[in-house]
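The values are calculated or read from the model by the stated rules, or taken from the named source; none is laboratory data. Being a predicted model, the structure only gives us computed values, none of them experimental. Neighbour counts are summed over all protein chains in view; Cβ atoms, including those assigned to glycine, are modelled from backbone coordinates with ideal geometry. Surface accessibility is based on the protein's heavy atoms, side chains included, excluding ligands, DNA and RNA. Shrake-Rupley method; radii C 1.70, N 1.55, O 1.52, S 1.80 Å.
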Amino acid sequence: MKKNENEFALKADDFGEDFKWGVSTAAYQIEGAYDKHDKKASIWDTFTTKKGKIYSGHHGKIATDFYHNYQQDIDLMQRMNIKNFRFSLSWARLIPDGVGKKSSHGVAFYNKVINYCLQCGITPWVTLYHWDLPQKLQDKGGWTNRSIIQWFQEYAEFCALQFGDRVKNWMVLNEPMVFTGAGYFLGVHAPGKKGMRHFIPAIHHATLCQAVGGRTLRSHVKNAYIGTTFSCSYIQAFSTHKKDILAANRANALLNRLFIEPALGLGYPTEDIAALKRITSYIMPGDDKKVIFNFDFIGVQVYTREIVKYSWWTPYLKAKLVKATDRNVATTLMDWEVYPPSICKMIEQFNAYKGVGDIIITENGSAFTDRVLNEKVYDPKRLSYLQAHLKQLRKAQILGSQVKGYFVWTFTDNFEWAEGYYPRFGLVYVDFKTQKRIIKTSGKWFANFLKSK
Ligand code: BGC
């Protein structure tokens with residue numbers, strides 16, 4: 001009998017004995033407690049109050065109330081055999097004004113989370129910056145102000161000294177392309193700035209902070225395993241016409257190469273994107289060296305692929321993404337194409353760089369409509385998305401890539417930025433009115449899959 005193609009025959013052990021399996025989250029998307037004790041506003045607290053920016057006026061004031069529910073959630077992780085938990089620190093909870101006075105309440109909260117993880121046999125993986133810049137720093141220009149290098153260094157050092165005795169796995173920035181592109185060019189994410197005059201300096205300062213953060217962690221944390229994370233999508237040209245192929249190359253340079261290449265000493269991909277050349281006016285003598293850092297691992301975050309077409313109308317890039325919804329392909333609730341080979345292709349693309357060590361998939365996941373029926377959430381689409389991506393990840397390993405871990409985005413449903421609470425990405429369903437958690441079918445499957453470890 002022909003083997004059912006949909007059958008999932010892989011075991012967690014097939015990926016390697018030391019392979020890291022986990023779940024990923026981010027402070028603003030789960031914590032809530034937005035003004036608890038001395039915490040001050042982050043740019044997301046501010047941005048969510050602006051009219052028309054977020055789906056249905058949603059905000060992260062309460063979110064999944066992880067601040068108060070952390071024990072329950074970590075218990076649930078333990079029950080689901082999840083051994084690695086990635087979360088981010090809220091800068092404005094730890095240093096309310098961004099610089100200067102530190103919050104003992106903020107430190108106490110993260111100490112409780114870290115210690116509880118360790119008590120439950122769960123390894124913490126900490127991201128320093130997952131998009132929630134203290135508003136006070138944004139008032140001084142945020143990522144467009146070169147002083148962010150000192151602000152960020154102070155923050156990174158403080159976190160390293162407070163938590164580095166117990167936290168060994170660190171990520172400096174989460175997806176600089178997204179927080180500079182959506183936040184400082186398109187204006188659809190916090191702080192809502194638009195245009196090249198914001199975007200270009202933000203890119204260079206984020207690239208500098210990426211390396212500064214790495215060096216700061218290296219000098220203060222013994223035996224640290226240091227990475228940073230990148231958003232990426234496999235890019236294909238719409239046709240074989242030269243114009244489309246060149247457009248696809250430019251999109252690849254912008255979306256997949258912009259932040260990794262300077263860190264590796266290769267500089268910015270200005271040859272492919274002429275408009276990026278204006279970044280030179282922000283580059284100071286010595287910066288070409290300062291942006292380099294030898295990361296132990298690169299966090300690769302893949303959700304979909306993009307098809308790219310030449311577009312005379314698109315300023316600067318002259319390229320546009322052909323919407324998945326116009327291509328008659330399967331999509332998620334984010335209108336992103338479901339295209340599992342993208343994860344294998346992106347692992348290979350990053351693995352091909354000389355100087356990239358380990359690769360960890362620090363995010364991969366999907367949003368679909370979930371319905372609760374008799375206290376159960378049956379989510380076959382998320383389950384098959386997960387399995388199909390794991391098959392492609394294993395393929396990348398077989399083809400020789402150094403991929404050492406996989407973290408599902410995300411543990412519980414949460415606040416999905418501009419889309420509010422509408423797209424649910426969790427392995428665990430959250431009723432946002434009661435904060436009740438229900439493990440979805442995909443979550444049960446993942447728990448069972450991890451049991452084989
Ligand atoms: C981000 C997450 C986000 C996820 C799904 C990534 O870009 O790091 O914060 O929720 O994708 O959109």
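Give me the percent of the accessible area of region 226-306 that comes from carbon and sulfur atoms, probe 1.4 Å, all protein chains in place.
Reported share for carbon and sulfur atoms: 56 percent.
Put one equal scatterer on each alpha carbon of region 87-221, apply the Debye formula with no solvent term, and list log10 I(q)/I(0) at q = 0.12, 0.18, 0.20 1/Å to two decimals.
Rounded to two decimals, the profile gives -0.45, -0.96, -1.14.
I'd like the GluC sites (Glu not before Pro) in region 318-376 restricted to DSSP loop residues with at most 10 other Cβ atoms within 10 Å, sorted by number.
Counting only loop positions with at most 10 other Cβ atoms within 10 Å, the GluC sites (Glu not before Pro) in region 318-376 are Glu375.
Can you tell me the relative contact order of the chain? Whole percent, Cα pairs under 8 Å, sequence separation 6 or more.
Reported as a whole number, the value is 17 percent.
Taking only the alpha-carbon atoms of region 298-453, what semi-axes of the equivalent ellipsoid follow from 5 times the gyration tensor eigenvalues under a square root, in whole Å, largest first?
One finds semi-axes of 28, 23, 13 Å for region 298-453.
What aspartates and glutamates could a cross-link reach from Lys40, if we take a straight Cα to Cα line under 12 Å and drop same-chain neighbours fewer than 8 places away?
Cα-Cα hits under 12 Å: Asp97, Asp132.
Quick one: divide the alpha-carbon radius of gyration of region 47-141 by 2.2 N^0.38 Å and tell me what you get.
So region 47-141 has a normalised radius of gyration of 1.24.
What is the extension gain from Lys323 to Lys395, computed as 0.36 nm multiplied by their sequence separation minus the C-alpha to C-alpha distance, in nm to one decimal?
23.2 nm
Have a look at the DSSP beta bridges in region 12-452 and tell me what percent are antiparallel, nearest 5.
25 percent
Taking Lys61 as the anchor, which aspartates and glutamates have their alpha carbon closer than 12 Å to its alpha carbon, excluding any fewer than eight residues away along the same chain?
Glu31, Asp35, Asp45
If I require 18 Å or longer along the helix axis, counting alpha carbons, and a Kyte-Doolittle average no lower than -1.0, what helices from the chain are left? Use full DSSP H segments.
Flagged H segments are 104-119, 148-163, 196-220, 380-398.
For the chain, what size does the Cα cloud have along each of its three principal axes, sorted from largest down, in whole Å?
Between the extreme Cα coordinates on each principal axis of the chain lie 59, 58, 45 Å.
Please give every one of the lysines within straight-line cross-link reach of Lys289, meaning a C-alpha to C-alpha distance under 21 Å, and leave out same-chain neighbours fewer than 8 residues apart.
Lys277, Lys354
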